[in-house]
1. For segment 149-241, which trypsin sites (Lys or Arg not before Pro) are in a loop by DSSP, counting at most 14 other Cβ atoms within 10 Å?
2. When ranked by the protection proxy of mean other Cβ atoms within 10 Å per residue, highest first, what sequence do the peptides 189-197, 360-368 form?
3. Just how far, in whole angstrom, is segment 53-78 from segment 109-184 if you go by their alpha carbon centroids?
4. Percent of accessible area on segment 47-292 owned by carbon and sulfur, 1.4 Å probe?
5. With unit charges on the beta carbons (Lys and Arg positive, Asp and Glu negative) and the dipole taken about the Cα centre of the chain, which residue among Pro41, Ala155, Leu280 sits farthest to the positive side?
6. In segment 105-164, what GluC sites (Glu not before Pro) fall in a loop by DSSP, with at most 13 other Cβ atoms inside 10 Å?
7. What does the charge count around Val327 come to, taking other residues whose C-beta lies under 15 Å from its C-beta (Lys +1, Arg +1, Asp -1, Glu -1)?
8. Return a whole-number percent for the relative contact order of the chain, with Cα pairs under 8 Å and 6 or more residues apart as the contact set.
Amino acid sequence: MSELSMRAVELDAADELAKLRTQFVLDDVVYLDGNSLGALPAAVPGRVEDVVRRQWGELRIRSWEESGWWTAPERIGDRIAPLVGAAAGQIVVGDSTSVNVFKAVVGAVRLAGEGRDEIVVDATTFPTDGYIAESAARMTGCTVRAVAPGDIRPALGPRTAAVLLNHVDYRTGRLHDLPSLTSAIHEAGAVAVWDLCHSAGALPVGLDEHGVDLAVGCTYKYLNGGPGSPAFLYVRRDLQDRFDSPLPGWNSHVDPFGMRSEYEPAGGAPRGRVGTPDILSMLALEAALEVWEGVSIATVRAKSLALTDFFLECVAAYVPEGRVESVTPSAHADRGSQVALRCDDAREVMRRLIAQGVVGDFREPDILRFGFTPLYVGFGDVERAVRVLAGVVG
Ligand SMILES: *Cc1c(COP(=O)(O)O)cnc(C)c1O
């Protein structure tokens, strides 16, 4: 046994989250793609079966009340809240991340004061956020300013209405400084919108503590909600009464069953709703969130950093010098829960890795991306993954 594989055994033995692995359906593949689609929690299939057969099949329309379907978007929002540092009553679940980015960006511009006509967007953003910001700008009479997150400060000024930033960069895994960027945005008098797709469920966010205005996040990545599970929208409590959604629907009406022709928004988190919630995937997500019972996000973060550190250590030890280069920051304060390695023939290398049971993903043009979900990835997995990688590139 190599020194690193012995270390892996010791680290796994000392890992208090290791016992959670049995709550997921996993085979002997090393799954390092939970930042794209989280693994299946074992509680989900039985719950979905019950929702379909009993709640829908037998109770039918009664389930909107009796099975708690109507209130699911806020109930599940309250389940996600502690994972992102939010008190209850500020998060609603529903629609895709893309749709929630739209609600949040237009809502943010409408919250910003008169005379503010610029939307500042992370130039390195996941494409959907940029496309939507561009359209939101056209609709609100704003212009978009695309700025690298490191250069946001000088771009802020009296014209800035809203700033849309990613907490963790989906490609490089860089973690941006949410507390200090949020306060810089506030000092400029603008509204801060954070995209938490790659941080929710992976590291502490502290939405309330840092005074974030609006946030959106994905539930099928580190929250393991399943393919296309609905996203979430956070609107800080003291902004809820002024939040003016660009997608007012009957579900966000103060009296949805009054069927009134005039729109009057509901108060609180329900104001972020649009239409009928996607109940099947929403209740699959609710079952998936049960694995978080009693799990602290600080523990998750500590393990995540230990996993990515160990991965980089194994890469340095096993992979021939110069063959790959990490584009993920080495400082803990700047690192999310993934490692991205630049590699000349990355597409082919990932294809061969997957064929040998190590699943990460490839991102254009030359990035090997490995995501580490602390709930089910262990140190032995990491050592094995890098051993296989070294064989493939060697
Ligand atoms: C994953 C991801 C999305 C996904 O949006 P969908 O509407 O669910 O397809 C959006 N933004 C970021 C930053 C992401 O990482």
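1. Listed in order of number, the matching sites amount to none.
2. 189-197, 360-368
3. That distance is 37 Å.
4. It is 53 percent, rounded to a whole number.
5. Leu280
6. Passing sites in segment 105-164 are Glu114.
7. Within the 15 Å Cβ shell, the charges total 0.
8. 23 percent
The values are calculated or read from the model by the stated rules, or taken from the named source; none is laboratory data. Everything numeric in this text was worked out from a predicted model, so none of it was measured. All Cβ positions, glycine included, derive from the backbone under ideal geometry; neighbour counts span all protein chains shown. What goes into the accessible areas is simple: the full protein's heavy atoms, side chains included, and nothing from ligands, DNA or RNA. Shrake-Rupley method; radii C 1.70, N 1.55, O 1.52, S 1.80 Å.
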